[in-house]
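Student: Please see the structure below; I have some questions.
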Amino acid sequence: MLRLVAAEYGDTPATSSKAFWDKVTGDFTAANPDIKVEVRLLPWADIDREVSRMVKAGKAPDMALMGAYSDFAAQGRLYSADELLSVSAEANFLQPLAEAGSVGNTLYGLPFVASSRLLFYNQALLSKAGVDAPKTWSDLKSAAKALKDKGVKIPFALPLGPEEAHAEAMIWELSNGGGYADSSGNYNLASDQNIQTFRWIKDNLVSTGLTGPVPPSQLNRADAFAAFVRGEVGMLNGYPSLAHEARAKGIDVRTVTMPVSDTLGSGETPPTVGVADWMMAFKQNGKREQIGKFLEFIYQDKNLSDFAGRYHLLPSTVSAARTPAGGGLDKNDEYFLTALRGAQLYPVNDPSWVTVSDTIKRNIGRAVEPSGDAKAVLEDIASKANEARKQH
């Protein structure tokens, strides 16, 4: 018996991941009658904590599918990919994902599904305001101002609330040549570029009333997305499933890459933000061979494409991304896949990232509050990150 603990991707009983896992484990056991697989689904809010608790208690599952893996890799608790998968299966992961799943040069976090971020805009609202899709920050500012003058409730939605502020912050930082880590992988959270980024956002978008009635530090991504689907938002950063939801509600939604800062200039193309979820296999119960068999099965194109398609996410392998089941990716998802190929991911291979991302989520919004000082907020986050790093 293999035990897998996985995050629940659905948000209603009808969209629960249970249907996928029931089918795929049934198919697997039919082909391998001596191996049964039990799947336990947990909400995203609980899974990191719960799996850590199981591991500490000496009751690690055989596998887990969640948002972070590197603390377990650092503790020496995970099988590496080459202990589990055939050479061709291991070589099949998209490059940026494989890099983010590796500690040193060893792959421990097997990327499962991924998404990338693009700037979304409501074409009808932009047309009414007489503006085009922005290419630079100053374009974005003048488009937002034109939208506000036309009575749009939220010209630019800026979710820096605790749900997913670390994504929004990184999108902006990258578009100004900054980011969370330097080229050698060390945290670089309070760099000059990052401080400049948040000063610009505060002075040009927030203080001028272009981000809507809710302060960014209190706006969560889910609420920003819901407002976009209701037609109340001109522009915001989003990922593939939002495009499908908005279209279903009759919104003419378009996407472009995130505008770049005027200091970088329009000739530069900074990386987009990529996000992936990770499958990992624990050594504790010594079931390497059975786990390897099951993972080879799960990573077949048809199974991976089926899961990704259910949630409008992108499959993590070259072959599934090339020839998805059901007639290929739609045009919209193709843009996200192109963006993913050149994306930068969070520094998930740093074991302290779980703690650091939580610190960013809870604090970064303060940088754009009326009394907020970007330099002080970012330096505070950076010093907490260095503490966290020492503890790992």
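Student: Please give the helix 192-201 orientation as an angle from the longest Cα principal axis of the chain, in degrees from 0 to 90, rounded to the nearest 10.
Tutor: Around 60 degrees separate the two axes.
Student: Select one label from (1) 37; (2) 24; (3) 30: the one whose number is percent of Cα pairs over 36 Å apart as derived from the coordinates shown.
Tutor: Calculated percent of Cα pairs over 36 Å apart: the matching label is (2).
Student: Note down the relative contact order for the chain as a percent, whole number, built from C-alpha pairs under 8 angstrom at least six residues apart. Intermediate values should be presented prior to the final figure.
Tutor: Values: 712 pairs, mean separation 104.4, N = 392.
About 27 percent, as a whole number.
Student: Next question. With runs of 4+ DSSP H residues as the only contributors, calculate the mean residue ellipticity of the chain at 222 nm using -39,500 (n - 2.57) per run, divided by the residue total and rounded to the nearest 500.
Tutor: After summing the helix terms and dividing by the residues of the chain, the value is -12500 deg cm²/dmol.
Student: Which Cα, out of Pro111, Phe93, Thr136, lies furthest along the positive dipole direction of the range 62-157 (beta carbon charges, K/R +1, D/E -1)?
Tutor: Thr136
Student: Give me, ordered by chain and number, the residues 5 or more places off Val5 or on other chains with an amide H under 5 Å from its own placed amide H.
Tutor: It is Arg40, Met63, Ala64, Leu65, by chain and number.
Student: If you place +1 on the Cβ of every Lys and Arg, -1 on the Cβ of every Asp and Glu, and leave all else neutral, what size is the dipole of the range 166-254 about its Cα centre, to the nearest 20 Debye?
Tutor: Details: 7 positive and 9 negative charges, 56 e Å.
Once rounded to the nearest 20, the dipole reads 260 debye.
Student: Tell me, what is the 1.4 Å probe accessible area of Thr15, in Å² to the nearest 10?
Tutor: 60 Å²
Student: How much of the accessible area of the range 205-303, probe 1.4 Å, is carbon plus sulfur, in whole percent? Please list the in-between numbers first.
Tutor: Values: 1940 of 4150 Å².
Using a 1.4 Å probe with all protein chains present, the range 205-303 comes out at 47 percent carbon and sulfur.
Student: May I ask you to work out the translational diffusion coefficient for the range 238-392 at 25 °C, viscosity 0.890 mPa s, via Stokes-Einstein with Rh from the Kirkwood sum over Cα pairs, reported in whole µm²/s? Display every interim value, and only then the final one.
Tutor: Numbers: Rh = 19.2 Å.
Here the translational diffusion coefficient equals 128 µm²/s.
Student: Let me ask something else about it. In whole Å, how far is the Cα centre of the range 330-379 from that of the range 1-23?
Tutor: Going from one Cα centre to the other spans 27 Å.
Student: For all pairs of alpha-carbon atoms in the range 43-121, what percent lies in each bin of width 10 Å, listed from the first bin to the last filled one?
Tutor: Spelled out bin by bin, the range 43-121 gives 15, 46, 29, 9, 1 percent.
Student: Using alpha carbons only, how many angstrom separate the centre of the range 173-199 from the centre of the range 29-98?
Tutor: Comparing the Cα centres of the range 173-199 and the range 29-98, I get a distance of 31 Å.
Student: Another question about this same structure. May I ask for the net charge around Phe198, where only other residues with Cβ less than 13 Å from the Cβ of Phe198 are counted and Lys, Arg are +1 while Asp, Glu are -1?
Tutor: Once all neighbours under 13 Å are counted, the net charge is -4.
Student: Find out how many positive minus negative residues lie around Ala129, taking Lys and Arg as positive, Asp and Glu as negative, among other residues whose Cβ is under 11 Å from that of Ala129.
Tutor: +2
Student: Follow-up. Provide the per residue accessible area, probe 1.4 Å, for the range 56-174, rounded to a whole number of square angstrom.
Tutor: For the range 56-174, the per-residue accessible area is 36 Å².
Student: What FRET efficiency comes out for the pair Met1/Asp252, r = Cβ-Cβ distance, R0 = 51 Å, nearest 0.05?
Tutor: 0.50
Student: Oh, and also: About the Cα centre, and with charges only on the beta carbon of Lys, Arg (+1) and Asp, Glu (-1), how big is the dipole of the range 303-392? Nearest 20 debye, please.
Tutor: Using only the charged Cβ atoms, the result is roughly 120 debye.
Student: Whole Å is fine, so just give me how far the alpha carbon centre of the range 239-265 lies from that of the range 108-131.
Tutor: 3 Å
Student: Ordering Trp44, Trp21 by how much accessible area each has at a 1.4 Å probe, largest first, what is the list?
Tutor: Trp44, Trp21
Student: Right, here's the next one. Over the Cα atoms of the range 228-301, Rg to Rh with Kirkwood Rh, two decimal places?
Tutor: With Rh from the inverse mean 1/r over Cα pairs, Rg/Rh is 1.21.
Student: For the chain, what proportion of DSSP beta bridges, expressed in % and rounded to the nearest 5, is antiparallel?
Tutor: Counting DSSP beta bridges with both partners in the chain, the antiparallel share is about 65 percent.
Student: Please give the charge dipole size of the chain, origin at the Cα centre, charges +1 on K and R Cβ atoms and -1 on D and E Cβ atoms. Round to the nearest 20 debye.
Tutor: In total the dipole reaches around 560 debye.
Student: With θ set to phi - 60° and the Karplus curve 6.51 cos²θ - 1.76 cosθ + 1.60, what are the ³J(HN,Hα) couplings of the range 102-112 in order, to the nearest whole Hz, using x for Gly and Pro?
Tutor: Calculated HN-Hα couplings, in order: 10, 10, x, 10, 10, 7, 10, x, 7, x, 10 Hz.
Student: Ok, one more. So which lysines pass the test for Lys153, namely a Cα distance under 19 Å, with those fewer than 8 places away in the same chain ruled out?
Tutor: Straight-line reach from Lys153, under 19 Å: Lys128, Lys141, Lys145, Lys202, Lys249.
Student: Helix 165-174 versus the longest principal axis of the chain: what is the Cα-based angle in degrees, 0 to 90, to the nearest 10?
Tutor: Taking Cα atoms only, the helix is inclined about 70 degrees.
The values are calculated or read from the model by the stated rules, or taken from the named source; none is laboratory data. Source: prediction; values computed, not measured. Every residue, glycine among them, receives a Cβ derived from its backbone with ideal geometry; neighbour counts consider all protein chains shown. SASA here: full protein model, heavy atoms, side chains in, ligands and nucleic acids out. Shrake-Rupley method; radii C 1.70, N 1.55, O 1.52, S 1.80 Å.
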